[in-house]
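The values are calculated or read from the model by the stated rules, or taken from the named source; none is laboratory data. This structure is a prediction, so every number in the text was calculated from the model and none was measured. All Cβ positions, even for glycine, are placed from backbone atoms using ideal geometry, and neighbour counts span all protein chains on display.
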There are 2 protein chains.
Amino acid sequence: MDQLISKKDIEAAHERIRPYIHRTPVMTSQSINDYAGCSLFFKCENFQNVGAFKARGAMNAALSLTPDQLRKGLATHSSGNHAQALARAGKILGVKTYIVMPRTAPEIKKRGVKSYGGEIFECEPTLADREKTLAAVIEKTGACEIHPFNNYEVMTGQATAAKELFEDVEKLDYLLVPVGGGGMLSGTALAAYYFSPQTNVIAGEPAGSDDAYRSLKSGKIEQAQSQSIADGLLTSLGDKAFPIIKQFVKEVITVTDEEIIFAMRMIWERMKIIVEPSCAVPFAAVLKSKDKFQGKRVGIILSGGNVDLNKMGKFFST
Amino acid sequence: MDQLISKKDIEAAHERIRPYIHRTPVMTSQSINDYAGCSLFFKCENFQNVGAFKARGAMNAALSLTPDQLRKGLATHSSGNHAQALARAGKILGVKTYIVMPRTAPEIKKRGVKSYGGEIFECEPTLADREKTLAAVIEKTGACEIHPFNNYEVMTGQATAAKELFEDVEKLDYLLVPVGGGGMLSGTALAAYYFSPQTNVIAGEPAGSDDAYRSLKSGKIEQAQSQSIADGLLTSLGDKAFPIIKQFVKEVITVTDEEIIFAMRMIWERMKIIVEPSCAVPFAAVLKSKDKFQGKRVGIILSGGNVDLNKMGKFFST
């Protein structure tokens, strides 16, 4: 069937955002390959502007608006990386940004939003209160909402990370990404469909919030729980992403918090790079399903590196 | 005056070790440049094999030995990174390695030595006991000693990191490296003399073990103290390195442990890469002397990334 996001849309998005994002490096580690039993290619979006792939989608969405839509500013609710990404897009375009964040969001992400001039509105850490607070902010300011994932331009922007990886690394058998609301997953699935059809896209998801896993089983969008240290992945799938995911993603692998921490620690220690818990989920999925990936060429999008270092002690004091 | 290590020696070492080391990337960070007020170029030896520049010197020294010298294996005493580097060199060349390590050395570094098949002999964390234990090991095994820094082939190998940086980044006004025993500092000073004479080489040193600072003042090798979290920099200068340092290094900037932790944290948070405390010392020195470096092009060799994550909590729980 025809897709709402075309190959040309992704190519155009990539051109549009190119001046404002990093083309991030792909890293490999012999010792991790030996341990995992496959050839892993890590696309380092933790080195992206604002420390996460979210810079791509937010920038593409903001650049796709008309001057009139932009005039009264941009607004969103986000637990973190999209918040910073949208604040940065607003700063680049010279418009105000209004960011609704749960009061429990990591301090480093709040500081990031402020550093780009974003105005923060705190709310309770529930979807209902996030949406209610955002509606009030938009009512008052007239700002244009850029949803963190349930937005075609955001999804198209996220697709550019996989596009770059396919340009840099040939013949990937698999590409794994984390799934929260599904913006990255749906964009990546479409990028594979258009640019590397032999690559199977698989999602990694925390077992404590396994709504994508259940949604693929039941065929309808299931509600997320909120039980995981992978704080970026605790949302249900967007209704714009779900049909794409249903069509192109054959498998979701769920992992426990212990498996996530183990994988995160291995990336820190062996690759000497910082990734946030949500970001380690796909690698944890590879380690959990070693047989499946044995001898294969496996891409992983490292989604972000914004951790609250003050809280790291508890993960690593073993 | 003629140098004991020539330009050709460094070029030959670079060719010799090239198949066994990474050409590490140079990273930059706009937000760190804005904060520091200068243009910083970080040579990421934390991504080097064994997680530190020491892979260069150990490999060059091992490759410079005759088969007869190599036959009975290699031995050294080291608190960590050189230990792993020599164990790795031995593994590559198929010879045994005997490593004397203080019992206080970080667990991650001991694990690294074992993973390369090195045999560890624990000793008390004093120079006297390290040397006594090593002498006994050599007496028993007949192994060839490769000193961690007081060895011309090691110093020549360390010089190759700066050589690569000069090839990748033009017109550096300054290049900062940490100083412990002086292997990296002397090698870097010679590399600048031969390959980038307009670049001033400056050392960063922990204030709690400021022997290089005092040695440059007094004109003779002063004894190191052992009071710093920068555990790789607690040794006195080698007598092979000191004449080179005296001739070519005009300045040592000392920094406190608080300044080191602040600098380390900034690198972790903003660059999303892991560096060990010793490695953050030169960047701490830049932040301490902002006026000096204002508007300049400043290289920094990030020496290593082997931290004991179990101990990170105490640095970052503020």
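Can you name the residue in the stretch A:229-264 that is β-branched (Val, Ile, Thr) and under 19 Å from B:Trp268 (Cβ atoms) and is also farthest from the other protein chains (Cβ to nearest Cβ) among such residues? Selected residue: A:Ile229.
The set of residues from the stretch A:1-15 being surrounded by fewer than 14 Cβ atoms within 10 Å (Cβ to Cβ) and assigned to a helix (DSSP H, G or I) comprises A:Lys8, A:Glu15. The set of residues in the stretch B:104-120 being surrounded by fewer than 16 Cβ atoms within 10 Å (Cβ to Cβ) and either more than 25 Å from B:Asn46 (Cβ to Cβ) or in contact (Cβ under 8 Å) with a residue 60 or more places away in the chain (or both) consists of B:Glu107 alone.
Of the set (1) touching a Ser or Thr at 6+ places or on another chain (Cβ under 8 Å); (2) more than 22 Å from A:Gln223 (Cα to Cα), all apply to A:Phe149 but (2). Checking each residue in the stretch B:288-318 for being within 23 Å of A:Val307 (Cα to Cα) and outside any loop (DSSP other than H, G, I, E, B) picks out B:Leu302, B:Gly304, B:Leu309, B:Asn310, B:Lys311, B:Met312, B:Gly313, B:Lys314, B:Phe315, B:Phe316.
Taken over the stretch A:76-91, the criterion of being of a type in the set (A, V, I, L, M) and either over 21 Å from the mean Cα position of the chain (by Cα) or under 10 Å from A:Pro148 (Cα atoms) (or both) is satisfied by A:Ala83, A:Ala85, A:Leu86.
Out of the residues in the stretch A:249-280 that are in contact with a Phe, Trp or Tyr (Cβ under 8 Å, 6 or more places away or on another chain), assigned to a helix (DSSP H, G or I) and among the aliphatic types (A, V, I, L, M), state the one that is nearest to B:Pro25 (Cα to Cα). The extreme case among them is A:Met271. Scanning the stretch B:290-318 for residues that are among the basic types (Lys, Arg), away from chain A (no Cβ under 12 Å) and within 24 Å of B:His82 (Cα to Cα) yields a total of 0. Being surrounded by 24 or more Cβ atoms within 10 Å (Cβ to Cβ), under 30 Å from B:Gln294 (Cα atoms) and of a type in the set (Gly, Ala, Ser) is a condition met by no residue of the stretch B:61-69.
Checking each residue in the stretch A:6-30 for being touching a residue at least 12 places away in the same chain (Cβ under 8 Å) and within 14 Å of another protein chain (Cβ to nearest Cβ) picks out A:Tyr20, A:Ile21, A:His22, A:Arg23, A:Thr24, A:Pro25, A:Val26, A:Met27, A:Thr28, A:Ser29.
Conditions tested, residue by residue: (1) within 25 Å of B:Leu190 (Cβ to Cβ); (2) outside the structural domain of B:Cys279 (by TED's automatic domain parsing); (3) touching a Lys or Arg at 6+ places or on another chain (Cβ under 8 Å); (4) of a type in the set (Phe, Trp, Tyr).
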{"position": "B:Ser79", "(1), (2), (3), (4)": "yes, yes, yes, no"}
{"position": "B:Ala89", "(1), (2), (3), (4)": "yes, yes, no, no"}
{"position": "B:Ile92", "(1), (2), (3), (4)": "no, yes, no, no"}
{"position": "B:Arg103", "(1), (2), (3), (4)": "no, yes, no, no"}
{"position": "B:Tyr116", "(1), (2), (3), (4)": "no, yes, yes, yes"}
{"position": "B:Ala128", "(1), (2), (3), (4)": "no, yes, no, no"}
{"position": "B:Ile138", "(1), (2), (3), (4)": "no, yes, no, no"}
{"position": "B:Thr141", "(1), (2), (3), (4)": "no, yes, yes, no"}
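Residues in the stretch B:51-106 that are closer than 24 Å to B:Lys8 by Cα and among the aromatic types (Phe, Trp, Tyr): B:Phe53 only. Pairs meeting the criteria (first residue in the stretch A:141-167 and closer than 14 Å to A:Asn81 by Cβ, second residue surrounded by fewer than 24 Cβ atoms within 10 Å (Cβ to Cβ), beta carbons under 6 Å, at least 6 apart or on different chains) are A:Phe149/A:Gly238. Residue count for the stretch A:24-76 satisfying the condition of being farther than 20 Å from A:Glu153 by Cβ, of a type outside the set (S, T, N, Q) and touching an Asp or Glu at 6+ places or on another chain (Cβ under 9 Å): 7. Only one of the listed residues (A:Arg56, A:Arg23, A:Arg18, A:Arg88) is in contact with a helix residue (DSSP H, G or I) (Cβ under 9 Å, 6 or more places away or on another chain), of a type in the set (D, E, K, R) and part of a loop (DSSP other than H, G, I, E, B). That residue is A:Arg23. The residues of the stretch B:137-158 that are more than 13 Å from B:Arg56 (Cα to Cα) and outside any loop (DSSP other than H, G, I, E, B), listed by number, are B:Val137, B:Ile138, B:Glu139, B:Lys140, B:Thr141, B:Cys144, B:Glu145. Residue-level check: of (1) away from chain B (no Cβ under 14 Å); (2) within 19 Å of A:Ser78 (Cβ to Cβ); (3) touching a strand residue (DSSP E or B) at 6+ places or on another chain (Cβ under 6 Å), A:Pro282 misses just (2). Against the numbered list (1) modelled with pLDDT of 95 or more; (2) away from every other protein chain (no Cβ under 14 Å), B:His77 comes up short only at (1). Screening B:Ser226, B:Ser186 for residues that are surrounded by 24 or more Cβ atoms within 10 Å (Cβ to Cβ) and hydroxyl-bearing (Ser, Thr, Tyr) leaves exactly one candidate, B:Ser186.
Within the stretch A:115-150, the only residue that satisfies the criterion of being within 20 Å of A:Val201 (Cβ to Cβ) and out of contact with any helix residue (DSSP H, G or I) (no Cβ under 6 Å at 6 or more places or on another chain) is A:Asn150. Inclusion of B:Ile267 among residues that are within 18 Å of A:Trp268 (Cβ to Cβ), of a type in the set (A, V, I, L, M, F, W, C) and at the interface with chain A (Cβ under 8 Å from one of its Cβ atoms) is not warranted.
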